[in-house]
Amino acid sequence: MTTYKIALLDGDGIGPEIMAEAVKILKLVEARNDVSFDLVHTPFGASAWFDTGSSYPDESKAVTDAADAILKGPIGLSHEESKKIPVDEQPERGALLPMRRRYNTYANFRPVYLPKGLVHFSPLKPEIIGEGIDIMMIRELVGGLYFGHKETGINEDGRRYVKETLEYDEDQIKRIMKVAFTTAMKRKKVLHNIHKSNVLKSSVLWNEVMEEVHADYPEVEVINILVDAAATYLCLNPGMFDTMVMENMFGDILSDQAGGILGSLGLMPSACIGDKKAYYEPSHGSAPDIAGKNIANPYSMIGSVAMMLDMSFGLEDESKNVWNAMQSVFSEGFSTPDLSKEGAGVKMISTSEFGDKVALALKNT
Ligand code: IPM
Ligand code: MG
């Protein structure tokens, strides 16, 4: 039997509640398969800063270093609470970005998935959605504006200024393109390359390297599309997209928009993959306004578990079973208050009841 060590970073806000449901599923997967999971909770995020003075304490670094995979809950607090923490130590800059850098998790997979039966979650008209939405967004995660040179100061005129640079080298672009083409090969063999080469030099190099890598994947059709146009088409015709690849900042924005067309960021799990380490996290924030109320849907957290099973542990079939179990709970009409309004056909349940129902559906698979 293989034992995997999994670092669990509960995070802030709704993090601990949805993590508890993910753990339920991990325990069940363990009982059903020839694997064992060594689960180690460790502090990370704003709550860690208030408790320990660091949002990514050394103790947690040791746990994540030793882990085979990391499952991370959402982090951050309300704007007012965050302001109590020094800017560079706020959990996004003090914990999350350092972790991405530490493990060089350059490939961020964000599935944007809404089967036909769940199109009522989307704010888009049914005729726009058609057969449902099924896109894999691939976001470069450790380059660009996020990690480029930054400076602030006072310029010669005595005015405050800020400078942040969008930096990529060809190797960084090449490796994410390989991931994108490989993914497109497994899907519909159509890759939308998102860029802004009419303005940004970074996109000119991005597109050049994309063409070079494309030569190794001649079966894939590449469609180049400007990022602003892509934002429009995500709303007007999401069915035209299958695999999309984009740099870090574009990916941050378009993937939230993708959550919007699904109806909620709560439906957006993700995988962040490096050459030696991977971590898995919901794409959304910690929703402090609904924290502790047992009303947040755990889909994004359990979906992140499903991605981990497949991408880190090679349990592809079990991963599919977890996805199907979640879909079946929705298909039976169950939902949580953060996703749905009370009304015709909705059987409203809590976070923990949703997790229980997914577990039961998985047991019956
Ligand atoms: C995301 C988040 C992060 C990002 C934040 C929390 C730093 O919005 O994963 O999309 O901007 O990358
Ligand atoms: Mg984001």
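The values are calculated or read from the model by the stated rules, or taken from the named source; none is laboratory data. Since this is a predicted model, take the numbers as computed values, not measurements. Cβ atoms come from the backbone with ideal geometry, glycine included; neighbour counts cover every protein chain shown. Heavy atoms of the whole protein, side chains included, go into the accessibility calculation; ligands, DNA and RNA do not. Shrake-Rupley method; radii C 1.70, N 1.55, O 1.52, S 1.80 Å.
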- Are there any pairs, at least 6 apart or on different chains, whose C-beta atoms fall under 7 Å, with the first in the range 252-279 and farther than 25 Å from Y233 by Cβ and the second within 12 Å of ligand 1 (Cβ to nearest atom) and among the polar types (S, T, N, Q), and if so, which? C272/T105; C272/N108; I273/T105; G274/T105; K277/T105; A278/T105; Y279/T105
- Task: Output the number of the condition that E211 fails; it satisfies all remaining conditions of (1) under 21 Å from Y106 (Cβ atoms); (2) out of contact with any strand residue (DSSP E or B) (no Cβ under 7 Å at 6 or more places or on another chain); (3) open to solvent by 10 Å² or more (accessible area, probe 1.4 Å); (4) in contact (Cβ under 8 Å) with a residue 12 or more places away in the chain.
- Result: (4)
- Task: Inspect all residues belonging to the range 44-65 and state whether any of them is within 13 Å of ligand 1 (Cβ to nearest atom), open to solvent by 30 Å² or more (accessible area, probe 1.4 Å) and either among the charged types (D, E, K, R) or not in a strand (DSSP E or B) (or both).
- Result: no
- Only one of (1) touching a residue at least 40 places away in the same chain (Cβ under 8 Å); (2) among the aliphatic types (A, V, I, L, M); (3) open to solvent by less than 30 Å² (accessible area, probe 1.4 Å) fails for M311. Which number is that? (3)
- Task: Would you mind telling me which numbered condition in (1) open to solvent by 10 Å² or more (accessible area, probe 1.4 Å); (2) in contact with a Lys or Arg (Cβ under 9 Å, 6 or more places away or on another chain) A306 fails?
- Result: (1)
- Note on the structure: Checking G132, G153 in turn, the sole residue that is modelled with pLDDT under 95 and touching a strand residue (DSSP E or B) at 6+ places or on another chain (Cβ under 9 Å) turns out to be G132
- Does G11 satisfy being small (G, A, S), surrounded by 23 or more Cβ atoms within 10 Å (Cβ to Cβ) and closer than 29 Å to E318 by Cβ? yes
- Message: Among the numbered criteria (1) part of a loop (DSSP other than H, G, I, E, B); (2) within 16 Å of ligand 1 (Cβ to nearest atom); (3) surrounded by fewer than 19 Cβ atoms within 10 Å (Cβ to Cβ), which one does S286 miss?
- Response: (3)
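Evaluate the following for L141: is it under 30 Å from E342 (Cα atoms) and open to solvent by less than 10 Å² (accessible area, probe 1.4 Å)? Spell out the reasoning first.
Values: under 30 Å from E342 (Cα atoms): no; open to solvent by less than 10 Å² (accessible area, probe 1.4 Å): yes.
Spelling it out, it is not the case that L141 is under 30 Å from E342 (Cα atoms) and open to solvent by less than 10 Å² (accessible area, probe 1.4 Å).
Somewhere in the range 156-166, is a residue open to solvent by 20 Å² or more (accessible area, probe 1.4 Å) and within 16 Å of ligand 1 (Cβ to nearest atom)?
Of the residues in the range 156-166, the ones open to solvent by 20 Å² or more (accessible area, probe 1.4 Å) are 156-166.
Restricting the remaining residues to those that are within 16 Å of ligand 1 (Cβ to nearest atom) gives 164, 166.
Yes.
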- Can you tell me which residues in the range 103-129 are at pLDDT below 95 and in contact with an Asp or Glu (Cβ under 7 Å, 6 or more places away or on another chain)? K116
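For the range 289-303, give me the residue count where each residue is of a type in the set (G, A, S), open to solvent by less than 10 Å² (accessible area, probe 1.4 Å) and away from ligand 2 (no atom under 14 Å from the Cβ).
Keep residues of the range 289-303 that are of a type in the set (G, A, S), which gives 291-292, 296, 300, 303.
Restricting the remaining residues to those that are open to solvent by less than 10 Å² (accessible area, probe 1.4 Å) gives 296, 300, 303.
Filter once more, keeping what is away from ligand 2 (no atom under 14 Å from the Cβ): 296, 303.
The qualifying residues number 2.
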